[in-house]
Structure formats: structure tokens, C-alpha cells
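The values are calculated or read from the model by the stated rules, or taken from the named source; none is laboratory data. Being a predicted model, the structure only gives us computed values, none of them experimental. FYI the Cβ positions are ideal-geometry reconstructions off the backbone, even for glycines, and counts take in every protein chain you see.
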Amino acid sequence: MMADEDDDQEQDETPEPPQRLFTLTEAERVRQELEPFLVEAMDCRKKLAGLENDLSAVSARIMMMGGVIVPYEKLAALRTEHNQLAETMKSALSRILETGCLIKDLDVGLLDFPAVIDNQDVYLCWKVGEDRIRFYHRQDEGFAGRKPLDQRDPGPGDKVQ
């Protein structure tokens, strides 16, 4: 075996870095920083879906009518807009994921932050529209399993302790 082959094997066996764990304070700070990126990604996704429908409709019309004149300029503009939105969304999603938090549902804007509560691996859970992180769930549960972090939490408008 050559020395280069040894290096390749070592790189292949390198374990993934451990998952970042957040305290509630860290997760809340990161959430505030990431919210604009999440909203931007959600907006891009909606616009992309609309553009894809437009492009599909033009494609179907061309196939059905055969001899229709193809609106090249309009299609080129739609493609350019589609590519720009896709790139913006990719950049926003990368920014979010590089922090160590997880995007659970881009349609509703749901983020999970890995944490430990009472020696149990959990996710601190936040959704767009909520004023702060108020819930958590075990890692084997989903959104439906959310529990309040503090049973005494009076609800929206109260400040993080």
C-alpha cells in the first residue's frame, strides 16, 4: 500500500463532528439571527413553486399544440428568475444549517435546536410566528410531541428568564 492510500483511508474513517448542543440562551440568540434567513428561504420556496407551475404550464402547452410559437424571452426570464431564487434559497438554508440547528419544515418555518434536558437528548423547538423558543420534544418525537419548557410560562409576550 502506498502512503497516499493510507491518507485516503484515514480520511474516509474520520467520524462526523459531534452534533452541536445548544443551551436555551444560545438557541434563542441563534434563532433571532436566523429568523430573517428562514423567512427569506420560505419566501423563495413559495416563489419557486409558482415559477415551476408557470414553466410546466408553458411546457404542457407547447407539447399539446405542437406548432405553437415558443415565447423564448419570457421563458428565459422565468428561468433566470428561477435560478436566482434557487441560489438565494440555497444560501439562506446553508446559513441556517451551518449553525447546527435543524430545519424541520420549511413550509411552516420550523427549526429544532439539539439540546439536553434532564440528561435526555431533545430538540428545542421553534416555529415562525412564535415570539421565542417555548417548547421542546424528544428527538424521537416530532412537532406533535412538543412540551412547554416551563409549565408556568404565561404565554406570548413574557420575556425569557
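I96 - would you say it is within 28 Å of D54 (Cβ to Cβ), surrounded by 14 or more Cβ atoms within 10 Å (Cβ to Cβ) and of a type outside the set (F, W, Y)?
Yes: the conditions hold for I96.
Can we say L48 is modelled with pLDDT under 90, hydrophobic (A, V, I, L, M, F, W, C) and either surrounded by 10 or more Cβ atoms within 10 Å (Cβ to Cβ) or under 30 Å from I117 (Cβ atoms) (or both)? Spell out the reasoning first.
Working: modelled with pLDDT under 90: no; hydrophobic (A, V, I, L, M, F, W, C): yes; either surrounded by 10 or more Cβ atoms within 10 Å (Cβ to Cβ) or under 30 Å from I117 (Cβ atoms) (or both): yes.
So L48 fails the test.
Which members of the stretch 43-80 meet the condition of being among the charged types (D, E, K, R), more than 29 Å from V128 (Cα to Cα) and out of contact with any helix residue (DSSP H, G or I) (no Cβ under 9 Å at 6 or more places or on another chain)?
If the condition is that a residue be among the charged types (D, E, K, R), more than 29 Å from V128 (Cα to Cα) and out of contact with any helix residue (DSSP H, G or I) (no Cβ under 9 Å at 6 or more places or on another chain), then R61, E73 are the ones that fit.
Criterion first (over 11 Å from the mean Cα position of the chain (by Cα) and not in a helix (DSSP H, G or I)) does R20 satisfy it? Show your work before the answer.
On the way: over 11 Å from the mean Cα position of the chain (by Cα): yes; not in a helix (DSSP H, G or I): yes.
Considered against the rule, which asks whether it is over 11 Å from the mean Cα position of the chain (by Cα) and not in a helix (DSSP H, G or I), R20 comes out as yes.
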